[in-house]
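Throughout, read-outs are computed from the coordinates displayed, never taken from laboratory work. Keep in mind that this is a model prediction, so the values were computed, not measured. Because the Cβ atoms are built from the backbone with ideal geometry, glycine has one as well, and the counts that use them run over all protein chains shown.
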Amino acid sequence: MWEEINNSLYKRFEFEDFANAFAFMTKVALLAESSNHHPKWMNEWDKVDIWLSTHDQGYTVTERDRQLAAAIDKIA
């Protein structure tokens, strides 16, 4: 479940190991690039933390963020 925290959508994803976390990040990177909407994220071994906000709307949560979050959930 995505949480709205500090004007961002946030979610932590946990995987079996680093390779699976990195594979997920690669898929998200391609998705983000194709939609021209890029996340803030952090990876530590088997965990990937993602924050979504729309920069050109003053770093607030918009429909673009909700759509990207839903797309990310489909590949997780």
(request) Would you calculate the separation in nanometres between label points at K27 and W45, each defined as 7 Å from the Cα along the Cα-to-beta-carbon direction? (result) 2.3 nm
(message) Helix-only estimate, please: 222 nm mean residue ellipticity of the chain, summing -39500 (n - 2.57) across DSSP H runs of length 4 or more and dividing by its residues, to the nearest 500.
(response) -13500 deg cm²/dmol
(request) Work out, step by step, the length gained on full extension between F18 and A70: first 0.36 nm times the residue separation, then minus their alpha carbon distance; give nm to one decimal. (result) 16.4 nm
(message) Are there any chymotrypsin sites (Phe, Trp or Tyr not before Pro) in the chain that are in a DSSP loop and have at most 15 other Cβ atoms within 10 Å? List them by number.
(response) W45, Y59
(message) If you wrap a convex hull around the alpha carbons of region 3-75, what volume per residue comes out, as a whole number of Å³?
(response) 75 Å³
(message) Projecting each Cα onto the charge dipole of the chain (Lys/Arg +1, Asp/Glu -1 at the beta carbon, about the Cα centre), which of W45, S35, M1 comes out farthest on the positive side?
(response) S35
(message) Taking amide H atoms as placed 1.01 Å from N in the peptide plane, list the residues 5 or more away in sequence, or in a different chain, whose amide H sits under 5 Å from that of T62.
(response) T54
